[in-house]
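Following: one structure in structure tokens, then a few remarks.
Computed from the coordinates by the stated procedures, all read-outs in this text should not be read as laboratory data. Note that this is a predicted model, so its numbers are computed, not measured. Reconstructed Cβ throughout: ideal geometry from the backbone, glycine too, with neighbour counts over all protein chains shown.
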Amino acid sequence: MHGTILEVPVKLPPSIDALEMQILEQLNEEAVIGLDSLIQMLPEHSWNQIFHAVDRLARAGRIVLRRHAYDYTLFSAAYPA
């Protein structure tokens, strides 16, 4: 192993993907959005893709996700809830 360089992987914070950016941009414009409305705003993505991105954003603390009965509502993290 003489002369071999071993690279140690550097753990970077998870990057935000394009769908997550679109969701955050929508929340910057409106502050509060129902999940059903968000799905209509992003027809190029499936319900599953959007919900998965919303879940990641909520777990990272970038948005607030609330459920009331059968409806989900997204709040900007800056929204005074």
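Quick one: 3J(HN,Hα) in Hz for the stretch 69-76, Karplus 6.51/-1.76/1.60 with θ = phi - 60°, rounded, Gly and Pro as x.
In residue order, the calculated couplings are 6, 9, 10, 9, 10, 9, 10, 4 Hz.
Rank by packing, highest mean first: peptides 49-57, 27-35, with packing defined as the count of other Cβ atoms within 10 Å averaged across residues.
Most protected by this proxy first, the peptides run 49-57, 27-35.
What does the charge count around Tyr79 come to, taking other residues whose C-beta lies under 14 Å from its C-beta (Lys +1, Arg +1, Asp -1, Glu -1)?
0
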